[in-house]
Amino acid sequence: MKTKGHCIILLSILLLSTSYAFGQADLRSLLEMAAENYPAIAAKQAQAEAAKASISLEKNTLLPSLDAAYQANYSTYNNITGMHYPATLIPISGPPSSENNDDGVPGSAASLMLKWSPVTFGQRSASIEYHKKLYEKGLASVEDEVLRVKFQVAFMYLEIATTGELIKAYEKNVERNAFHLKQVASLARAGIRPGVDSLKFKGELSKTNTALYDLQNLLETQKQELAELLATENLQDFEIDDFLFEHLPALSAASPDPGQNPLLRMAQFDVEANEASLKQIKRSWTPRLEFWSTAYGRGSGIGFDGTVNKSDGWSFSRYNYGIGFQIVFPILDLSNTHLKTRRQEALLRSSRSYLTQTQISLNKQKQVALGNFSTNLKIAGEVPVEYEASESAYRVLQTRYKAGLVDYTELIQAQYDLLNAEARLKNAYIDSWKSLLRLAVIDGDITIFLDQIQP
């Protein structure tokens, strides 16, 4: 018996400790599930990967290109196939002819063309920098989406916790009304209370049941909303730990400024991307050095003496090669460059203004959230006093009602005061945790909220 008692005690301690830790572990698992499953996060991640691939594409422009080409023509005697230049295979004039001859003659050519542009006078580096900033902005966008979804999951978790506690409070109120209904029947028979009180308590019991059904329906709706955030159709039941309703968060946990908020970093990267784009546009009106080499063969249906042998046009009779370089300079593109520069400078000013606005907005939100946090902590410190007073007053009036010293109205009012005080107590604690959650999101670090929920 002694051993059995020890086992029961150990099992009880284990169950209590597991229940105490379940709420936090469950919340973290919900947040991880949302980060892994939510489609909008996957979409942002894919966009960031696309931006990263653009960086590699820009870097690859440093590598030479090698093009193979083949052409077969049936053209006039005056003009047949010729040499491969950096642009394409182009026709050249055939052997000199004494007169204009527009008879059709076959010709063919094939070539390999190597082209390399190692020097772009800063155009390539500016383009790479631009795409890097877009990639960094994409990563910040992913973080912002993850933070937004985690906030919604954690907020809905707190909403479900509140609704669950309110259901418990209303269930206790149903029990009180059921007890009063049973009690008043005996008091009416004893002549202490009027018979009409039974009807009144029956109506109150029905009203409380209706409110309880509404809360139960609200709980199911909230669970469905949570399932949507988790991108799952079957949300398993989970328990909410009492820690949230027995402890308050600390005000000192919030960081001094929201500098790590992904929205702010996105705005900063947008400014830097526009600066890189402006640099890229300004460098577009600069020379570009290109090296090229070619090896090619050609065939013509016209001989060196002007005779026509069409079958020779389908096979190669001359083989050549060439190597050289060229400097390309867009002389007449200066006007377009000026217009593009003006447009990009306007976009840059816009992004800088948006960055400033984002900083102002986040700082304002931080100050408001800190004020709400402080107020909610004060309210949560006062509501327990109200609850204890309402509970004591209800017990006294319940005794006095049984003795016939007070009427139905005073008792039912005390009962509702107790119910409302209990509801305000639960809401006050959860509102404090919600305030901390909002502060954590504004600071860009949800662990500020999670670390205060003890495992």
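The values are calculated or read from the model by the stated rules, or taken from the named source; none is laboratory data. Quick caveat, the model's predicted, so the values are computed rather than measured. Ideal geometry is used to build each Cβ from the backbone, glycine not excepted, and the neighbour counts take in all protein chains shown. Side chains are part of the model used for accessible areas, which takes the heavy atoms of the whole protein and leaves out ligands, DNA and RNA. Shrake-Rupley method; radii C 1.70, N 1.55, O 1.52, S 1.80 Å.
Computed from the Cα positions only, the extents of region 306-367 along the three principal axes stand at 91, 27, 22 Å, in decreasing order. If you average the alpha carbon positions of region 384-454 and of region 352-370, how far apart do those two centres end up, in angstrom? After rounding, the separation between the Cα centres reads 34 Å. Taking Cα centre as origin and charging only the Cβ of basic (Lys, Arg, +1) and acidic (Asp, Glu, -1) residues, the dipole magnitude of the chain rounds to 560 debye. Measuring against 32 Å, Cα to Cα, the residue pairs 59/366; 402/426; 44/378 contain 59/366; 44/378 as the ones spanning a longer distance. Nonpolar atom fraction for the chain, defined as the carbon and sulfur part of the 1.4 Å probe accessible area, stands at 56 percent. Take 154-165, 309-320 and order them by the average number of nearby Cβ atoms within 10 Å per residue, most first; the result is 154-165, 309-320.
Partner aspartates and glutamates whose Cα lies under 12 Å from the Cα of residue 434, excluding those fewer than 8 positions away in the same chain, are identified as 159.
In the context of the full set of protein chains, residues of region 258-316 present 47 Å² of accessible surface per residue (probe radius 1.4 Å, heavy atoms only). Estimated purely from DSSP H runs of n ≥ 4, each contributing -39500 (n - 2.57), the mean residue ellipticity at 222 nm for the chain is -23500 deg cm²/dmol once divided by its residues.
Which helices, taking whole DSSP H runs in the chain, have alpha carbons extending 20 angstrom or more along the helix axis plus mean Kyte-Doolittle at least 0.0?
On the way: long enough: 2-37 (50 Å, 0.52); 39-60 (32 Å, -0.24); 123-189 (99 Å, -0.32); 196-229 (50 Å, -0.54); 262-282 (30 Å, -0.26); 334-402 (97 Å, -0.70); 408-443 (52 Å, -0.06).
Correct list, ordered by number: 2-37.
Relative contact order for the chain: 23 percent, from Cα pairs under 8 Å spaced at least 6 residues apart, divided by residue count. The calculated FRET efficiency for residue 228 paired with residue 341, based on their beta-carbon distance and R0 = 41 Å, is about 0.30. Which residues does the label zone of residue 196 cover in region 405-422, counting backbone N under 14 Å from a point 7 Å along Cα→Cβ? Residues 407-410 fall inside that zone. Selection among 301, 335, 313 by position relative to the dipole of region 280-337 gives 335 as farthest towards the positive end (Cβ unit charges, Cα centre). Size check on the chain: the Cα extents along the three principal axes, sorted descending, read 139, 54, 45 Å. Were the residues from residue 213 through residue 102 laid out at 0.36 nm apart, the gain over their Cα-Cα distance would be 30.5 nm. Packing, taken as the mean count of other beta carbons within 10 Å per residue, orders the peptides 68-74, 241-247 from highest to lowest as 241-247, 68-74.
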